[in-house]
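What follows is one structure encoded as structure tokens, with my remarks underneath.
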Amino acid sequence: SGRRDAKKGAMMFALEASQVDRITIEGPDYGETELLRQGDGWVLPDRGDFPADAAKVDGMLQRLLALREDFPTESDPDALIRFKLADDSFERRITLANAGETLATLYLGSPQGPRQTHARRAGEDTAYAVAFGLFDAPFASDDWTDKDILRLGETDITGIQVNGLHIVAAIPADSNGRWQLEGAEPSAGLSQAAAGRLAERLAELQVEQVLEREPG
């Protein structure tokens with residue numbers, strides 16, 4: 001491994017993650033999404049600044065900035081077209097920016113394996129085989145949303161209103177169970193198992209899709 005390490009190329013980007021405050025990911029057929037740094041996290045401007053999955057965004061950015069020029073490949077124009085690394089024909093075009101200024105742009109082309117693709121920096125002809133998968137950089141906004149933003153700890157739920165009923169938690173739970181009907185005796189007929197299942201499902205809600213606002 002020492003011999004292999006000695007042959008490692010230079011870093012593809014001379015950037016720190018903290019320098020990047022906007023990431024634009026473009027895909028085929030004009031698919032595109034933007035990720036904007038906001039405080040300690042990231043948001044999706046095209047979804048009304050809905051929170052993005054910060055761990056996923058930071059992970060992708062760290063992997064991008066760790067790429068090296070280890071395995072150069074063909075660089076003639078025909079090869080770039082064949083590898084889908086042309087300016088107008090690509091699998092991904094990822095732009096890193098700060099304060100509206102582009103810091104770097106990377107093209108990702110045809111995959112070479114589960115986590116390997118061809119890559120080329122904008123303005124250069126040389127392509128490299130890099131350890132980065134296309135699925136690491138999806139271009140649909142829904143793939144970046146924080147799907148756990150609605151998730152709660154089950155014990156954080158202290159009341160549920162459903163079908164005209166108000167179920168409240170007995171704090172602390174007593175011998176009749178954790179749940180009771182508001183205004184009723186603790187022993188009133190309420191299925192503790194059903195109330196518990198409802199609370200569990202509510203606590204585990206996930207966001208599937210963020211709907212766009214209708215004009216006006």
In the range 21-58, what residues are without any contact (Cβ under 8 Å) to a residue 12 or more places away in the chain and either open to solvent by less than 50 Å² (accessible area, probe 1.4 Å) or not in a strand (DSSP E or B) (or both)? Asp29, Tyr30, Gly39, Val43, Pro45, Ala55
Considering each residue of the range 120-135, count those that are within 23 Å of Ala52 (Cβ to Cβ) and either over 18 Å from the mean Cα position of the chain (by Cα) or open to solvent by 10 Å² or more (accessible area, probe 1.4 Å) (or both), and give that number. 2
Which of the residues spanning the range 118-141 are hydrophobic (A, V, I, L, M, F, W, C) and in a loop (DSSP other than H, G, I, E, B)? Ala122, Ala127, Ala131, Phe132, Ala137, Phe139, Ala140
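Condition first: of a type outside the set (D, E, K, R) and out of contact with any helix residue (DSSP H, G or I) (no Cβ under 8 Å at 6 or more places or on another chain). Now tell me which residues in the range 132-149 satisfy that.
Applying the first criterion (of a type outside the set (D, E, K, R)) to the range 132-149 yields 132-135, 137-141, 144-145, 149.
Across the range 132-149, the qualifying residues are Gly133, Leu134, Phe135, Pro138, Phe139, Ala140, Ile149.
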Check Pro77 against each of (1) open to solvent by 40 Å² or more (accessible area, probe 1.4 Å); (2) free of Cβ contacts under 8 Å to residues at least 60 places away in the same chain; (3) under 20 Å from the mean Cα position of the chain (by Cα) and name the one condition it does not meet. (3)
Condition broken by Ile160, with the remaining ones in (1) part of a strand (DSSP E or B); (2) surrounded by 10 or more Cβ atoms within 10 Å (Cβ to Cβ); (3) modelled with pLDDT under 75; (4) of a type in the set (A, V, I, L, M) satisfied: (3)
So Leu96 passes all but one of these: (1) under 30 Å from Gly9 (Cα atoms); (2) surrounded by fewer than 14 Cβ atoms within 10 Å (Cβ to Cβ); (3) touching a residue at least 60 places away in the same chain (Cβ under 8 Å); (4) not polar (S, T, N, Q). Which condition number does it fail? (2)
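Anything in the range 80-93 that is outside any strand (DSSP E or B) and either of a type outside the set (A, V, I, L, M, F, W, C) or in contact (Cβ under 8 Å) with a residue 24 or more places away in the chain (or both)? List them, or say none.
Our first condition is that a residue be outside any strand (DSSP E or B); within the range 80-93, this holds for 80-84, 87-88, 91.
Listed by number, the residues that qualify are Leu80, Arg82, Phe83, Lys84, Asp87, Asp88, Glu91.
The values are calculated or read from the model by the stated rules, or taken from the named source; none is laboratory data. Small disclaimer: the values here were computed from a predicted structure and weren't measured. Cβ: placed from backbone, ideal geometry, glycine included. Neighbour counts: every protein chain shown. What goes into the accessible areas is simple: the full protein's heavy atoms, side chains included, and nothing from ligands, DNA or RNA. Shrake-Rupley method; radii C 1.70, N 1.55, O 1.52, S 1.80 Å.
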